[in-house]
Every structure is written in C-alpha cells, then in structure tokens.
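Structure first, then comments.
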C-alpha cells in the first residue's frame, strides 16, 4: 500500500465547507491535496488532478455539513479516493476516476 498523503479528516473538512448548490467533484492534486472543485473545473483541467471522484450533483446532499457527518458517505468516498490514488501512483495516470 502506498503512503496516502491525505487523511479522512481532511476529506471531512473539505466536504463540510463545500457548496452543494453546484455540480462538483472531490479531487486529489498530484501532490496529494484533497479539494472540492466545480464539475466544470474538473472536466476542463483533468491533467491537474491525480484523482477525480464521481460527480456530486447539486442539491443531493453529498457536500456540506450534513454530508460531512455521514460516516457511510465519508468512508465510501475516502476508500474510493485511496484506491484511485494507489492506481495513480502505480501507473502515473492522471485524473484516475473514483466512484
């Protein structure tokens, strides 16, 4: 298993502070930073990201404070990101899709 440069708490923090009114994706930068970006940004600049999680459609409560308190949602998202990060590290591929 590769060293994972991001933590579950960092994921919780970015999800808690994210805007659920726009379509967004959780991404991991090539240096391992977890961010939430708009879907437009994720699609326009895929080379900027090591990992891109599936789209969280606006208004579905996948982002924001309530989402950050859902342990099942956090665990699924975190596990997907870790799996995709490890694939990125093994292959060098950018914008590895996680769902």
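To test your reading of the geometry: what angle, between 0 and 90 degrees and rounded to tens, separates the Cα axis of helix 71-91 from the longest principal axis of the chain?
20
Suppose each label sits 7 Å from its Cα in the direction of the beta carbon; what would the residue 55-residue 19 distance come out to in nanometres?
1.7
Normalised radius of gyration for the stretch 8-98, please: alpha carbon Rg relative to 2.2 N^0.38 Å, two decimal places.
Output field value: 0.99.
Throughout, read-outs are computed from the coordinates displayed, never taken from laboratory work. Since the structure is predicted, the reported quantities are computational estimates derived from the model, not experimental observations. Don't worry about glycine lacking a Cβ; one is built from the backbone with ideal geometry, like all the others, and counts go over all protein chains shown.
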